[in-house]
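The values are calculated or read from the model by the stated rules, or taken from the named source; none is laboratory data. Because the structure is predicted, anything quoted here is derived from the model rather than measured. Every residue, glycine among them, receives a Cβ derived from its backbone with ideal geometry; neighbour counts consider all protein chains shown.
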Amino acid sequence: MKARLTAFTLLLTLGSGAQAAEPAAGKSLVEEHCQSCHGSEVYTRADRKVTTQTGLHKQVQRCELALGLRWFDDQINDVATYLNQNYYQFK
């Protein structure tokens, strides 16, 4: 029984590899990379192309790929979280 519990605990630990996003890290990445192409007006314009949280995440991925940044998933999440908290405010 103890071996099963230990294996189950290990699986839960490995499966919960997703960490909470760090908006401050996202802000630094936006300032360093994104603002070289555009300012915050792209996030606040009335006819913005991003209309959902999923769409925001995908747009961050597209920009990351277009710039050849090779960010890790957590960095993409940090940027998307920062942008959502400060501009988009999707639920």
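Filter the stretch 35-52 down to the residues that are part of a helix (DSSP H, G or I) and out of contact with any helix residue (DSSP H, G or I) (no Cβ under 7 Å at 6 or more places or on another chain), then identify the one that is farthest from Leu69 (Cα to Cα).
Taking the stretch 35-52 as the starting set, the residues that turn out to be part of a helix (DSSP H, G or I) are 35-36, 41-44.
This time we only want the ones that are out of contact with any helix residue (DSSP H, G or I) (no Cβ under 7 Å at 6 or more places or on another chain), so: 35-36, 41-42.
Details: Gln35: 14, Ser36: 13, Glu41: 22, Val42: 20 Å.
Going through the qualifying residues, I end up with Glu41.
Test of understanding: among Ala66, Ala80, which residue is crowded, with 16+ Cβ neighbours inside 10 Å, assigned to a helix (DSSP H, G or I) and of a type in the set (A, V, I, L, M, F, W, C)?
Numbers: Ala66 fails: crowded, with 16+ Cβ neighbours inside 10 Å.
Of the residues listed, the single one that is crowded, with 16+ Cβ neighbours inside 10 Å, assigned to a helix (DSSP H, G or I) and of a type in the set (A, V, I, L, M, F, W, C) is Ala80.
A quick yes/no check of all residues on (1) among the charged types (D, E, K, R); (2) under 16 Å from Asp74 (Cβ atoms); (3) modelled with pLDDT of 95 or more; (4) loosely packed, with under 10 Cβ neighbours inside 10 Å:
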residue	(1), (2), (3), (4)
Leu11	no, no, no, no
Glu22	yes, yes, yes, no
Gly26	no, yes, yes, no
Cys34	no, no, no, no
Cys37	no, no, no, no
Val42	no, no, no, no
Arg45	yes, no, no, yes
Thr52	no, no, yes, no
Gln61	no, yes, yes, no
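Under 8 Å between Cβ atoms, which residue pairs at least 6 apart in sequence (or on different chains) link something in the stretch 44-59 that is without any contact (Cβ under 8 Å) to a residue 12 or more places away in the chain and closer than 11 Å to Ala80 by Cα with a partner that is aliphatic (A, V, I, L, M) and outside any helix (DSSP H, G or I)?
Sorted first by the residue in the stretch 44-59, then by its partner, the pairs are Gln59/Val50.
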